[in-house]
Amino acid sequence: NAGVTQTPKFQVLKTGQSMTLQCAQDMNHEYMSWYRQDPGMGLRLIHYSVGAGITDQGEVPNGYNVSRSTTEDFPLRLLSAAPSQTSVYFCASSSSGPRAYEQYFGPGTRLTVT
Amino acid sequence: AQSVTQLDSQVPVFEEAPVELRCNYSSSVSVYLFWYVQYPNQGLQLLLKYLSGSTLVKGINGFEAEFNKSQTSFHLRKPSVHISDTAEYFCAVRNRGSTLGRLYFGRGTQLTVWP
(Lines give C-alpha, C1' and ligand atoms only; values in the text may rest on other atoms or scores of the structure.)
Protein backbone atom coordinates (compact mmCIF):
# COMPACT_ATOMS: atom_id res chain seq x y z
CA ASN A 1 0.00 0.00 0.00
CA ALA A 2 1.91 3.04 -1.29
CA GLY A 3 -0.65 5.60 -0.10
CA VAL A 4 -0.57 8.87 -2.06
CA THR A 5 2.26 9.26 -4.55
CA GLN A 6 3.29 12.36 -6.46
CA THR A 7 5.68 12.89 -9.35
CA PRO A 8 7.93 14.65 -9.98
CA LYS A 9 9.45 15.69 -6.63
CA PHE A 10 11.09 18.77 -8.15
CA GLN A 11 10.50 20.69 -11.36
CA VAL A 12 11.82 23.89 -12.91
CA LEU A 13 9.79 25.51 -15.68
CA LYS A 14 10.20 28.59 -17.80
CA THR A 15 7.40 31.12 -17.95
CA GLY A 16 4.80 30.02 -20.49
CA GLN A 17 5.63 26.33 -20.40
CA SER A 18 2.99 23.76 -19.52
CA MET A 19 3.29 20.63 -17.48
CA THR A 20 1.31 18.03 -15.56
CA LEU A 21 1.84 17.12 -11.91
CA GLN A 22 0.89 13.53 -11.29
CA CYS A 23 -0.96 12.20 -8.25
CA ALA A 24 -2.08 8.64 -7.58
CA GLN A 25 -3.56 6.81 -4.61
CA ASP A 26 -4.12 3.11 -4.05
CA MET A 27 -6.61 3.32 -1.18
CA ASN A 28 -9.76 3.48 -3.36
CA HIS A 29 -10.53 6.94 -1.99
CA GLU A 30 -13.35 8.88 -3.60
CA TYR A 31 -12.17 12.34 -2.55
CA MET A 32 -8.95 13.80 -3.95
CA SER A 33 -7.63 17.33 -3.85
CA TRP A 34 -4.73 19.57 -4.77
CA TYR A 35 -3.27 22.22 -2.49
CA ARG A 36 -0.50 24.71 -2.90
CA GLN A 37 1.66 25.73 0.02
CA ASP A 38 3.33 29.13 0.13
CA PRO A 39 5.31 30.61 3.04
CA GLY A 40 3.01 32.22 5.60
CA MET A 41 -0.11 31.26 3.64
CA GLY A 42 -0.73 27.72 4.84
CA LEU A 43 -2.35 25.33 2.37
CA ARG A 44 -4.80 26.66 -0.16
CA LEU A 45 -7.16 24.42 -2.10
CA ILE A 46 -6.77 24.53 -5.89
CA HIS A 47 -9.19 21.88 -7.17
CA TYR A 48 -10.88 18.82 -5.77
CA SER A 49 -12.77 15.77 -6.97
CA VAL A 50 -15.44 13.65 -5.29
CA GLY A 51 -15.17 10.77 -7.75
CA ALA A 52 -14.25 9.79 -11.28
CA GLY A 53 -15.59 12.34 -13.74
CA ILE A 54 -16.46 14.92 -11.06
CA THR A 55 -14.23 17.89 -10.28
CA ASP A 56 -14.72 21.33 -8.79
CA GLN A 57 -12.77 24.48 -8.02
CA GLY A 58 -11.24 25.43 -4.72
CA GLU A 59 -9.96 28.80 -3.51
CA VAL A 60 -7.20 29.38 -6.09
CA PRO A 61 -8.10 27.57 -9.34
CA ASN A 62 -6.88 30.10 -11.92
CA GLY A 63 -4.12 28.79 -14.17
CA TYR A 64 -4.74 25.14 -13.29
CA ASN A 65 -6.77 22.37 -14.83
CA VAL A 66 -7.73 18.95 -13.47
CA SER A 67 -9.51 15.84 -14.66
CA ARG A 68 -10.42 12.59 -12.95
CA SER A 69 -10.82 9.71 -15.39
CA THR A 70 -10.11 6.99 -12.80
CA THR A 71 -10.51 6.68 -9.03
CA GLU A 72 -6.75 6.32 -8.61
CA ASP A 73 -5.37 9.29 -10.55
CA PHE A 74 -5.86 13.03 -10.24
CA PRO A 75 -3.38 15.00 -12.39
CA LEU A 76 -2.95 18.76 -12.09
CA ARG A 77 -2.13 20.68 -15.28
CA LEU A 78 -0.44 24.03 -15.45
CA LEU A 79 -1.56 25.53 -18.72
CA SER A 80 0.97 28.36 -19.07
CA ALA A 81 3.31 28.58 -16.10
CA ALA A 82 3.85 31.92 -14.36
CA PRO A 83 6.35 32.88 -11.63
CA SER A 84 3.38 33.27 -9.25
CA GLN A 85 2.89 29.51 -9.51
CA THR A 86 6.23 28.84 -7.86
CA SER A 87 5.13 26.81 -4.86
CA VAL A 88 5.01 23.39 -3.24
CA TYR A 89 2.05 21.34 -4.42
CA PHE A 90 0.40 18.65 -2.33
CA CYS A 91 -2.12 16.07 -3.39
CA ALA A 92 -4.41 14.54 -0.76
CA SER A 93 -7.12 11.89 -0.65
CA SER A 94 -9.76 10.61 1.71
CA SER A 95 -12.66 8.20 1.68
CA SER A 96 -16.25 9.27 1.97
CA GLY A 97 -17.03 6.59 4.53
CA PRO A 98 -16.77 6.65 8.34
CA ARG A 99 -13.15 7.80 8.21
CA ALA A 100 -13.85 10.58 5.74
CA TYR A 101 -12.38 13.08 8.19
CA GLU A 102 -8.82 11.82 7.71
CA GLN A 103 -6.95 13.11 4.66
CA TYR A 104 -3.76 11.46 3.48
CA PHE A 105 -1.13 13.66 1.87
CA GLY A 106 1.49 12.93 -0.74
CA PRO A 107 5.13 14.02 -0.30
CA GLY A 108 4.73 17.11 -2.46
CA THR A 109 6.12 18.55 -5.69
CA ARG A 110 8.37 21.59 -5.44
CA LEU A 111 7.85 23.74 -8.54
CA THR A 112 9.93 26.74 -9.56
CA VAL A 113 8.89 28.92 -12.48
CA THR A 114 11.59 31.26 -13.84
CA ALA B 1 -17.81 29.45 5.75
CA GLN B 2 -14.98 28.32 7.93
CA SER B 3 -11.75 30.07 8.84
CA VAL B 4 -8.82 29.09 11.01
CA THR B 5 -6.42 31.42 12.80
CA GLN B 6 -3.13 30.24 14.18
CA LEU B 7 -2.08 33.00 16.50
CA ASP B 8 1.68 32.50 16.33
CA SER B 9 3.63 32.08 13.13
CA GLN B 10 6.82 31.08 14.97
CA VAL B 11 7.34 29.50 18.38
CA PRO B 12 10.93 28.97 19.58
CA VAL B 13 11.43 26.88 22.72
CA PHE B 14 14.24 25.06 24.47
CA GLU B 15 14.35 21.29 24.66
CA GLU B 16 12.32 19.77 27.53
CA ALA B 17 10.25 22.94 27.93
CA PRO B 18 6.45 22.82 27.59
CA VAL B 19 4.83 24.31 24.49
CA GLU B 20 1.39 25.48 23.43
CA LEU B 21 0.46 26.23 19.83
CA ARG B 22 -2.72 28.23 19.59
CA CYS B 23 -5.58 27.76 17.14
CA ASN B 24 -8.92 29.54 16.93
CA TYR B 25 -11.60 28.88 14.37
CA SER B 26 -14.72 30.53 13.06
CA SER B 27 -17.61 28.56 11.61
CA SER B 28 -21.36 28.87 11.20
CA VAL B 29 -21.71 25.08 11.43
CA SER B 30 -20.32 22.33 13.63
CA VAL B 31 -16.85 21.21 12.68
CA TYR B 32 -14.31 18.49 13.15
CA LEU B 33 -10.88 19.74 14.24
CA PHE B 34 -7.43 18.52 13.32
CA TRP B 35 -3.76 19.19 13.86
CA TYR B 36 -1.31 18.15 11.16
CA VAL B 37 2.49 18.18 11.38
CA GLN B 38 4.92 18.75 8.52
CA TYR B 39 8.55 17.82 9.05
CA PRO B 40 11.12 19.51 6.80
CA ASN B 41 10.74 18.57 3.13
CA GLN B 42 7.91 16.15 3.83
CA GLY B 43 4.16 16.01 3.38
CA LEU B 44 1.60 16.50 6.13
CA GLN B 45 0.67 13.80 8.60
CA LEU B 46 -2.20 13.74 11.03
CA LEU B 47 -1.16 14.49 14.61
CA LEU B 48 -4.56 14.28 16.27
CA LYS B 49 -8.24 14.97 15.72
CA TYR B 50 -11.36 15.96 17.61
CA LEU B 51 -14.58 14.40 16.35
CA SER B 52 -16.82 14.20 19.43
CA GLY B 53 -16.81 13.15 23.08
CA SER B 54 -14.01 14.09 25.46
CA THR B 55 -12.70 17.55 24.72
CA LEU B 56 -9.13 16.49 25.52
CA VAL B 57 -7.66 14.44 22.72
CA LYS B 58 -4.29 12.75 22.61
CA GLY B 59 -2.23 12.26 19.51
CA ILE B 60 1.08 10.87 18.40
CA ASN B 61 4.45 11.84 19.84
CA GLY B 62 3.02 12.95 23.21
CA PHE B 63 0.93 15.82 21.86
CA GLU B 64 -2.55 16.61 23.09
CA ALA B 65 -5.15 19.24 22.29
CA GLU B 66 -8.21 20.60 24.03
CA PHE B 67 -11.39 21.61 22.27
CA ASN B 68 -13.06 24.63 23.84
CA LYS B 69 -16.41 25.24 22.20
CA SER B 70 -17.19 28.51 23.99
CA GLN B 71 -13.85 30.02 22.95
CA THR B 72 -13.84 28.25 19.57
CA SER B 73 -10.29 27.13 20.23
CA PHE B 74 -8.28 23.97 19.74
CA HIS B 75 -4.84 24.59 21.24
CA LEU B 76 -2.07 22.01 20.89
CA ARG B 77 0.18 21.22 23.85
CA LYS B 78 3.15 19.11 24.79
CA PRO B 79 4.59 19.06 28.32
CA SER B 80 8.20 18.47 27.26
CA VAL B 81 9.45 18.96 23.69
CA HIS B 82 12.34 17.29 21.91
CA ILE B 83 14.60 18.51 19.14
CA SER B 84 12.77 16.11 16.83
CA ASP B 85 9.52 18.06 17.34
CA THR B 86 10.93 20.88 15.21
CA ALA B 87 8.39 21.12 12.38
CA GLU B 88 5.53 23.20 11.04
CA TYR B 89 2.13 22.56 12.61
CA PHE B 90 -1.19 23.21 10.93
CA CYS B 91 -4.60 23.47 12.50
CA ALA B 92 -7.53 22.55 10.24
CA VAL B 93 -11.32 22.23 10.36
CA ARG B 94 -13.86 20.31 8.36
CA ASN B 95 -17.59 20.88 8.10
CA ARG B 96 -19.19 18.16 10.23
CA GLY B 97 -22.25 17.96 8.02
CA SER B 98 -20.40 17.58 4.73
CA THR B 99 -19.58 14.26 3.10
CA LEU B 100 -16.66 15.92 1.34
CA GLY B 101 -13.21 15.71 2.81
CA ARG B 102 -12.49 19.41 2.32
CA LEU B 103 -10.25 20.88 5.00
CA TYR B 104 -9.71 24.54 5.84
CA PHE B 105 -6.20 25.21 7.10
CA GLY B 106 -4.60 27.84 9.25
CA ARG B 107 -1.39 29.48 8.05
CA GLY B 108 0.82 27.27 10.16
CA THR B 109 3.08 27.64 13.20
CA GLN B 110 6.77 26.89 12.91
CA LEU B 111 7.95 25.22 16.11
CA THR B 112 11.71 25.33 16.58
CA VAL B 113 13.22 23.42 19.49
CA TRP B 114 16.70 24.52 20.59
CA PRO B 115 19.14 22.36 22.55
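What net charge do the residues around B:Arg77 carry, taking every other residue with its C-beta under 9 Å from that of B:Arg77, with Lys and Arg at +1 and Asp and Glu at -1? Kindly include the intermediate steps, with their values, before the conclusion.
Details: positive: B:Lys78; negative: B:Glu20, B:Glu64, B:Glu66.
Here the charged neighbours net out to -2.
Express the relative contact order of chain B as a whole percentage, based on alpha carbon pairs under 8 Å and six or more residues apart in sequence.
Across chain B, relative contact order equals 38 percent.
When the charge dipole of the stretch B:33-115 is built from unit charges on Cβ atoms (+1 for Lys and Arg, -1 for Asp and Glu) and taken about the Cα centre, the candidate among B:Phe105, B:Val37, B:Tyr89 whose Cα reaches farthest toward its positive end is B:Phe105.
Charge tally around B:Ala65: other residues with Cβ under 11 Å, Lys/Arg +1 each, Asp/Glu -1 each, net +2. With all protein chains kept in place, the per residue accessible area of the stretch B:9-106 amounts to 47 square angstrom at a probe of 1.4 angstrom. Amide hydrogen proximity for B:Val31: with H placed 1.01 Å from N in the peptide plane, the residues at 5 or more positions away or on another chain lying under 5 Å are B:Arg96.
At R0 = 35 Å, how high is the FRET efficiency between A:Ala52 and B:Ser30 if r is their beta carbon distance? Nearest 0.05 is fine.
Working: r = 30 Å, r/R0 = 0.86.
Efficiency for this residue pair is about 0.70.
Count neighbours as other Cβ atoms within 10 Å of each site's Cβ, and list the GluC sites (Glu not before Pro) in the stretch B:16-96 that are DSSP loop with at most 16 such neighbours. Here the sparse-neighbourhood loop sites are B:Glu16.
When only C-alpha pairs under 8 Å and at least 6 residues apart count, what is the relative contact order of chain A, in percent? Could the numbers behind the result be given before it?
Numbers: 298 pairs, mean separation 40.4, N = 114.
Dividing the mean separation by the residue count of chain A yields 35 percent.
To the nearest 20 Debye, how big is the dipole of chain B about its Cα centre, given +1 on the beta carbon of each Lys and Arg and -1 on that of each Asp and Glu? Write out the running numbers ahead of the final one.
On the way: 10 positive and 8 negative charges, 117 e Å.
Dipole about the Cα centre, nearest 20: 560 debye.
In this label model, A:Asp73 and B:Lys58 are separated by 4.4 nm, measuring between points 7 Å along each Cα→Cβ vector. Which lysines, if any, have their Cα less than 24 Å from the Cα of B:Lys58, not counting same-chain residues under 8 positions apart? Those lysines meeting the cut-off are B:Lys49, B:Lys69, B:Lys78.
Give me the summed buried accessible area for the B-A pair, 1.4 Å probe, to the nearest 100 Å².
Working: alone 6410 and 5970 Å², together 10620 Å².
Answer for the B-A pair: about 1800 Å² buried.
Please compute, for peptide B:107-115, the average count of beta-carbon atoms on other protein chains lying within 10 Å of each residue's beta-carbon. Each step should come with its number before you reach the end.
Details: counts 7, 6, 0, 2, 0, 0, 0, 0, 0.
Per-residue shielding by partner chains comes out at 2.
Simple spin-label model, 7 Å along Cα-to-Cβ: B:Gln71 to A:Met41 in nm? Between B:Gln71 and A:Met41, the simple spin-label model gives 3.2 nm. Of the trypsin sites (Lys or Arg not before Pro) found in the stretch A:1-47, those in coil by DSSP whose Cβ has at most 15 other Cβ atoms within 10 Å are A:Lys9, A:Lys14.
The values are calculated or read from the model by the stated rules, or taken from the named source; none is laboratory data. Because the structure is a prediction, the values reported are computed rather than measured. In this analysis, Cβ positions are derived from the backbone assuming ideal geometry, glycine residues included, and neighbour counts consider all displayed protein chains. Calculation scope for accessible area: heavy atoms of the full protein, side chains included, ligands and nucleic acids excluded. Shrake-Rupley method; radii C 1.70, N 1.55, O 1.52, S 1.80 Å.
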